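Quick notes on the structure that follows.
The values are calculated or read from the model by the stated rules, or taken from the named source; none is laboratory data. Here the structure is a predicted model, which is why all the values come from computation and not from measurement. Methodologically, a virtual Cβ is constructed for each residue, glycine included, from the backbone with ideal geometry; neighbour enumeration extends over all protein chains shown.
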Amino acid sequence: FGADATECIQWLLGRGVVPMVVGGARLYLRSLTHGIFPGVPKSREVRERLLALADSKGPESLHAKLSEVDPETAARLAPGDLKRIVRALEVHEVTGSLMSELQTQSLPDSPFELVGVILTASREWIYERINKRTREMFETGFIDEVKRLLGLGCGGDIERIKANGYRETAALLRGEISESEAFDRMDRATRHNAKYQLMWTRQEKDWHSIDVESLPPEETSRRIVSLFDAAGRHEPGAGA
């Protein structure tokens with residue numbers, strides 16, 4: 001994503017257009033603004049051994065092991081986050097390096113001048129909008145969309161989709177859960193993502209913050225454009 005987005009941004013800047021990147025998942029955004037450390041080779045043998053250990057002694061045993069070798073990474077991961085715990089231990093065994101060290105390696109600076117903007121609001125306001133959006137998804141055809149995907153034989157793929165709603169709705173259509181339970185699960189998952197985004201946006205100390213709770217969309221847009229204007233970003237090629 002980082003490489004493709006960089007190419008697209010450079011193409012736009014070359015034509016005098018200043019793009020806005022809007023989102024989203026932190027990993028994708030950081031791959032564009034900070035880069036990410038190169039992938040570490042995987043070892044199926046090490047991974048299967050660690051998973052077998054988790055089966056016999058529980059995921060908490062691997063989290064305790066990670067706390068011994070890489071306490072910084074362990075502190076960021078929940079004891080039940082087996083996938084990431086196994087990967088961190090695998091990296092240590094394969095390379096002798098710590099995941100926390102690799103993730104803080106010096107990376108090339110972004111080739112762009114960036115204006116970062118965070119749209120903020122109270123948690124209650126955000127959760128209310130999440131609830132409304134989840135209900136609208138159910139009422140405007142999302143269930144039919146998932147039903148069509150299942151009809152096309154995409155059941156296994158749906159189980160691997162991380163976007164909120166697909167797995168829950170597939171379970172609803174298979175009769176495994178009720179509509180109210182599917183709604184509640186989607187709502188909780190989206191609130192969890194929102195909570196995570198609120199946490200990581202606080203780490204972006206140089207970004208501008210706009211409280212949108214009491215602002216109409218037009219005023220929010222005007223303030224964002226004003227920030228770009230103030231930074232001189234509307235000059236062709238100046239940044240993104």
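When segment 69-101 is filtered for residues that are surrounded by 15 or more Cβ atoms within 10 Å (Cβ to Cβ) and part of a loop (DSSP other than H, G, I, E, B), the ones remaining, listed by number, are 70, 77, 79, 81, 98. Close Cβ contacts (under 9 Å, 6 or more residues apart or on different chains) running from residues in segment 1-16 that are closer than 11 Å to residue 111 by Cβ to residues that are modelled with pLDDT of 85 or more comprise 9/19; 9/21; 13/19. Among the conditions (1) modelled with pLDDT of 90 or more; (2) in contact with an Asp or Glu (Cβ under 7 Å, 6 or more places away or on another chain), the only one that residue 117 does not satisfy is (2). Of everything in segment 158-184 that is assigned to a loop (DSSP other than H, G, I, E, B) and hydrophobic (A, V, I, L, M, F, W, C), the residue that is modelled with the highest pLDDT is 177. Could you tell me which residue of segment 30-56 is nearest to the chain's Cα centre (by Cα), considering only residues that are of a type in the set (A, V, I, L, M) and under 24 Å from residue 98 (Cβ atoms)? Among those residues, the one meeting the criterion is 36. Kindly evaluate residue 155 against the criterion of being out of contact with any Cys (no Cβ under 6 Å at 6 or more places or on another chain), at pLDDT 90 or above and either of a type in the set (Val, Ile, Thr) or not assigned by TED's automatic domain parsing to the domain that holds residue 24 (or both). For residue 155, the condition - out of contact with any Cys (no Cβ under 6 Å at 6 or more places or on another chain), at pLDDT 90 or above and either of a type in the set (Val, Ile, Thr) or not assigned by TED's automatic domain parsing to the domain that holds residue 24 (or both) - is not met.
Is at least one residue of segment 58-73 among the hydrophobic types (A, V, I, L, M, F, W, C) and modelled with pLDDT under 90? No: segment 58-73 contains no residue that is among the hydrophobic types (A, V, I, L, M, F, W, C) and modelled with pLDDT under 90.
The residues of segment 1-41 that are of a type outside the set (A, V, I, L, M, F, W, C), modelled with pLDDT under 80 and not in a helix (DSSP H, G or I), listed by number, are 23, 24, 34, 35, 38, 39, 41. Selection of segment 172-186 for residues being over 11 Å from residue 143 (Cα atoms) and either surrounded by fewer than 19 Cβ atoms within 10 Å (Cβ to Cβ) or in contact with a Lys or Arg (Cβ under 6 Å, 6 or more places away or on another chain) (or both) yields 174, 175, 176, 177, 178, 180, 181, 184.
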